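Novice: Below: one structure in structure tokens.
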Amino acid sequence: MSWGIILVFALGAHGSGSFELSRECTECHTGIYGSDWSGSMHARSYTDPLFQNQFKEVSKPEERRICLGCHAPLAIYDRDPQLTKATTREGVSCDFCHTVSALLPIAFDQPLRFVLAPGEVKRGPFSAGEMIEKGHKNERSSLFRDSAFCAGCHEVVNRLGLHVMSTFSEWSQSVYAAQRIACQNCHLPQDIRFPTVDPSTAVTPRSATSHSMLGGHSALQLRGAGMLALRAYVIGSVVDVSVDVTNVEAGHFLPTGLPSRKVVLKVGLFDEKEAMIQEKEIEYKRVLGDTQGRPIPSGKILDLFLNSSSVVSDTRIPPKETRQERIRFETSRFRRPRVAVATLEYRLEPGPPDRPFPPLRLAEQRMDLPLRPAAGRYYMLALFVLALAGALWFMARRRTEGSG
């Protein structure tokens, strides 16, 4: 047993009570439970088909504990590794988060990354005076506004010491951390649709905090995270395209999370009928390698977690950084491009076997291309020849009329 686990039990990991089902919260927190949490990825962290597809391949008890530590944490804290209890199958439940009383260091052999104290007292970001309750007592905890709270599951170190997921580290080294803009500012914003506590239970001055916790699976959260600035120049048969790609809104790298996620810049040329002529892609992603330095395929999730020991390459875009890309196209005079289009897509691989994730569009820009300068010169030359021929004809006619 590690020192971290000993510390958990010494501090009272199980508190003085038992864990409760999230649906028990709905009587007083109907909006938060029904409109937000119950449809979130936190609620589905264990039942999610992508997780289940990978988890069924995990056989060693210590490796299963690592997986469950984030995807079904109460299975670890409540000593239910076979998930026989309904509370342990709820994923990241209400009672898991709101019974956290302290945080522990992150380590591979430490799936217990929080100190929990279940019971009558529920913890959150508001004081007791702001949260008038009937069902339980309230205790304000600064942890709920601290990005370190999220690091327990969104910063993963494997047994070889590699940060397989480094979302918290990326944030902590960014301008967002310097300006004290926490993960909660973007992923748990205020939700003005309903108060924290239903008015039928108690009157509170606080609007709810969104518990949808939107992230990489949400088109709403992703849209606008990246920004494009497109410029294109036509020189003879060459179309020279420049694109600035900016991580304008993500407080971590774009993309973050597992190396199975990537962002792709697509630049294409289209004719006057909007039919594609050519297209090229640039990928922004992180590639991890095994102990021999060989890249591990992005679809090998278990290998990425257990056997990656180095970063082979990392072309992702840090917060507020702009990546300048230049793409050159050789075109044909028989099919002239009239429009250049740059698209930024988010791709999550692999998806569930029966339901792959479609690419999500982050940003797009279009630009009409001018006629080729070479063609323009031909047109100007033709006009000049016609004008000269007309002038010579007119002068010849005047001479003929004058001599007559």
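Novice: List every residue pair whose Cβ atoms lie under 6 Å apart, where the two residues are 6 or more positions apart in sequence or sit on different chains, the first residue falls within the range 76-89 and is in a helix (DSSP H, G or I), and the second residue, located anywhere, is among the acidic types (Asp, Glu) and open to solvent by 20 Å² or more (accessible area, probe 1.4 Å).
Specialist: Thr88/Asp78
Novice: Identify the residue in the range 200-221 that is over 28 Å from the mean Cα position of the chain (by Cα) and among the small types (Gly, Ala, Ser) and, among all such residues, is surrounded by the fewest Cβ atoms within 10 Å (Cβ to Cβ). Let's see the steps before the verdict.
Specialist: First pass over the range 200-221, keeping only residues over 28 Å from the mean Cα position of the chain (by Cα): 200-206.
Those left that are additionally among the small types (Gly, Ala, Ser): 200, 202.
Numbers: Ser200: 9, Ala202: 15.
Only one residue tops the list, namely Ser200.
Novice: Residue pairs, Cβ under 7 Å, 6 or more apart or interchain, first in the range 171-183 and touching a residue at least 24 places away in the same chain (Cβ under 8 Å) and closer than 15 Å to Val248 by Cα, second small (Gly, Ala, Ser) and open to solvent by less than 50 Å² (accessible area, probe 1.4 Å). List them.
Specialist: Trp171/Ser147; Trp171/Ala177; Trp171/Gly251; Ser174/Gly251; Tyr176/Gly251; Ile181/Gly251
Novice: A further question on this structure: Quick check on my filter: what residues within the range 43-94 are out of contact with any helix residue (DSSP H, G or I) (no Cβ under 9 Å at 6 or more places or on another chain) and of a type in the set (A, V, I, L, M)?
Specialist: Ala86
Novice: Out of everything in the range 305-317 that is open to solvent by less than 30 Å² (accessible area, probe 1.4 Å) and not aliphatic (A, V, I, L, M), what residue ends up being modelled with the highest pLDDT?
Specialist: Checking each candidate, the answer is Arg316.
Rundown of residues vs (1) open to solvent by less than 40 Å² (accessible area, probe 1.4 Å); (2) under 27 Å from Val157 (Cα atoms); (3) at pLDDT 95 or above, yes/no style:
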site	(1), (2), (3)
Val245	yes, no, yes
Phe253	no, yes, yes
Val267	yes, no, yes
Glu272	no, no, no
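Novice: Please enumerate the residues belonging to the range 176-194 that are loosely packed, with under 13 Cβ neighbours inside 10 Å and among the aliphatic types (A, V, I, L, M).
Specialist: Ala178, Ile192
Novice: Separate question: Go through (1) open to solvent by less than 20 Å² (accessible area, probe 1.4 Å); (2) modelled with pLDDT of 90 or more for Val197 and report which single condition fails.
Specialist: Only one criterion is unmet by Val197, namely (2).
Novice: Taking the range 99-110 only, how many residues are over 25 Å from the mean Cα position of the chain (by Cα) and either of a type outside the set (Ser, Thr, Tyr) or in a strand (DSSP E or B) (or both)? Even if it seems obvious, please write down each step before you answer.
Specialist: Pass one, the range 99-110, residues over 25 Å from the mean Cα position of the chain (by Cα): 99-102, 104, 109-110.
Okay, now just the ones that are also either of a type outside the set (Ser, Thr, Tyr) or in a strand (DSSP E or B) (or both), so 100-102, 104, 109-110.
Number satisfying all stated conditions: 6.
The values are calculated or read from the model by the stated rules, or taken from the named source; none is laboratory data. It should be emphasised that the depicted structure is a prediction, and the values quoted were computed from it without experimental measurement. All Cβ positions, even for glycine, are placed from backbone atoms using ideal geometry, and neighbour counts span all protein chains on display. These area figures cover heavy atoms from the full protein model, side chains too; ligands, DNA and RNA do not enter into them. Shrake-Rupley method; radii C 1.70, N 1.55, O 1.52, S 1.80 Å.
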